[in-house]
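Novice: What follows is a single structure, and I will ask about it in a moment.
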Amino acid sequence: MSLEIQGASDNQQKNIVAHLGSLPQAPAQVNRFIAKARERSIAAMIALGYNNAEITTKVDHEAQPIKLIVSVKPGPATHISQMDIQVTGDAVNDDSFQRFIASLQTHQGSILNHGEYESWKTELQNYARSNGYLAGTWLHHEILVDSARQQAEVHLGYDAGVRHKLGKITFQGSDVAPELLARLSPLSAGEHYQSSHLSNLESALRRSGYFADVLVTPDLNAIDEQQVPVTVNLRDAPTHSLKVGLGYVTDTGPRAQFNWRTPRVNRWGHSQETTLRYSTVNPYANFLYQIPGEDPLTQTYQLMLGLEQNDYGDISSTLRHAAVISQSTKHKWVWAAQTRWLEEKWSLDGLDFQAGYLLPGLTLSRTKRHGPIRDPEEGFMQTYQIEATDKALGSDGRLLRMTGFWKWLSRFGEHRFVIKGQAGINITGLDSVEDLAPSLRFFAGGDQSIRGFDYNSLGPTAEVQTSEGLQTKVVGGKMLAVGSVEYQYYLTPNWRMAIFTDAGNAFNRHYFKPVQSVGTGIHWLSPVGAVRFELAYGISEEDPPWRIHISMGAEL
């Protein structure tokens, strides 16, 4: 048989169909289904607040298969004239509970819906249990309907009882020091029991990186004096993780990288990460040792050691550095106070130089991102750093160094815009930067700077006497100003094209000669981030250079 419902809204039709159930498949079931159809349809309308609905049924025997026609005249809806919710016990003095009750009472005046009524009862009971009222019971719950006036009164009475508190928290399955576990836990015995707090504890333990699995369980069968004991079962993360990678970027060419990480060196939560990377332009080794702070999830103390080679303009440099860092996250900002020792050796056409610096400094950064990491739809990254030193600290010169970096992106349908900016200044008290270590000077050019120009190839120059005579060499500047504007269009969900212009330069005071490039490219959104193939052309030069840029990785 088939079914036709007339005169009802879509929501009413769905509820009638739900009450009628599946259409009969066997001939013997047809008559029983038809006999119950009116009664069940009336119940369906009452459930939606239409207590005076007129419903008739008839059967079209000439149709093939036969058709049951349900005609509905909904009539006026029944509205809730009174929403009476009474709660006793400790909840009377619980402001949060009272606000929850007030939110339920806002349904007064709405159309009576029996399904919603049942959900209000469930919400109230679940709220009570989730917030420590574990022994709550119903005093009464009822709906009084006045069909003649199309009005209904809802009466709910709930005895919340005594509010329970957290009892002893027991950690099992790990040898992490109890002091560290206590600092990781956002909970303490004696505070009011809330199931959401248990979820916060599980989340905090997982975010620490120390554990492969975390299970937080309240023992509701061992409640003593209204205190709920909690057991936390832990499984430690693997002792070591090793990663090997191969890659290519235009700036540094082919590269291979090895990463060794120990998420927990000892029971106090210390960790280490060692990174070795080889490329022809910028090989480096870096060791990072971290000690958790008072709040292990937002505060760390770090010891960093590094060895690096790099090319800056026409200068080849080798540097060693060590740093002691105190890092914390507050209000979504990352603060890092550090003191680093930098020792650098560099050469320029056979002439060797060396300098050392003790550099106290502060770094402040924040990243906001909406959308997937591989392809954010909105985002803004900002980083600021200031460092200063003096000969009185044992450094080979006086220096105040300030840098800033900004990146904003936004997507509108198939269109996406990316704007970047970078600025820096060195205050040394000297006009020349040639005695300053190259890694502290400013250079421009390359994949992440001004495309169309070689890596670190732009900046102030100096005349240098070489075996081939007097030559002009790029030696870097005391200041930096670089910007980029890029438009991207999505060809498919995983491919987009880009057009861009980059401009700026490194420079010294009173002499800023910006360069500019334009370019286009194609981006493939791989599982690990965008792989960018770009061609850029330096339009500001008399002999315009061009360059192919290949890079990959997350944007924010």
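The values are calculated or read from the model by the stated rules, or taken from the named source; none is laboratory data. Everything numeric here is computed off the predicted structure, so don't read it as measured data. As a convention, Cβ positions derive from the backbone with ideal geometry for all residues, glycine included, and neighbour counts pool all protein chains shown. Keep in mind that these areas ignore ligands, DNA and RNA; they rest on the heavy atoms of the full protein, side chains included. Shrake-Rupley method; radii C 1.70, N 1.55, O 1.52, S 1.80 Å.
Novice: When you scan region 412-467, how many residues do you find that are surrounded by 15 or more Cβ atoms within 10 Å (Cβ to Cβ) and among the aromatic types (Phe, Trp, Tyr)?
Specialist: 4
Novice: Contact list please: Cβ distance under 8 Å, first residue in region 432-454 and closer than 22 Å to Phe353 by Cβ and of a type in the set (Val, Ile, Thr), second residue in a loop (DSSP other than H, G, I, E, B) and modelled with pLDDT under 95, pairs at least six apart or on different chains.
Specialist: Val433/Arg441; Val433/Pro460; Val433/Val475; Val433/Gly476; Val433/Lys478
Rundown of residues vs (1) in contact with a Ser or Thr (Cβ under 7 Å, 6 or more places away or on another chain); (2) among the charged types (D, E, K, R); (3) surrounded by 15 or more Cβ atoms within 10 Å (Cβ to Cβ), yes/no style:
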| site | (1), (2), (3) |
| --- | --- |
| Gly477 | no, no, yes |
| Leu480 | no, no, yes |
| Gly483 | no, no, yes |
| Tyr490 | no, no, yes |
| Trp495 | no, no, no |
| Ala498 | yes, no, yes |
| Gly504 | no, no, yes |
| Lys513 | no, yes, no |
| Gln516 | yes, no, yes |
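Novice: For region 232-259, how many residues meet the condition of being free of Cβ contacts under 8 Å to residues at least 40 places away in the same chain and either over 28 Å from the mean Cα position of the chain (by Cα) or surrounded by 15 or more Cβ atoms within 10 Å (Cβ to Cβ) (or both)?
Specialist: 7
Novice: Scan (1) surrounded by 18 or more Cβ atoms within 10 Å (Cβ to Cβ); (2) part of a helix (DSSP H, G or I); (3) more than 46 Å from the chain's Cα centre (by Cα) for the single condition Asn31 breaks and write down its number.
Specialist: All conditions are met except number (1).
Novice: For region 304-322, name all the residues that are outside any strand (DSSP E or B) and open to solvent by less than 60 Å² (accessible area, probe 1.4 Å).
Specialist: Gly313
Novice: Looking only at residues in region 391-437 that are modelled with pLDDT of 95 or more and of a type in the set (Gly, Ala, Ser), which one is farthest from Glu344 (Cα to Cα)?
Specialist: For region 391-437, the residue satisfying everything is Ser410.
Novice: Residues that are aromatic (Phe, Trp, Tyr) and surrounded by fewer than 13 Cβ atoms within 10 Å (Cβ to Cβ), at least 3 per element: which strands (runs of 3 or more DSSP E) completely within region 54-166 meet that?
Specialist: Correct list: empty, since no element meets the threshold.
Novice: So, in region 473-522, how many residues would count as being closer than 29 Å to Leu400 by Cβ and of a type outside the set (Gly, Ala, Ser)?
Specialist: Summing the residues that are closer than 29 Å to Leu400 by Cβ and of a type outside the set (Gly, Ala, Ser) in region 473-522 gives 18.
Novice: Here's another thing I want to ask about it. Could you check region 276-293 and list, in sequence order, the residues that are assigned to a loop (DSSP other than H, G, I, E, B) and surrounded by 15 or more Cβ atoms within 10 Å (Cβ to Cβ)?
Specialist: Val281, Asn282, Pro283, Gly293
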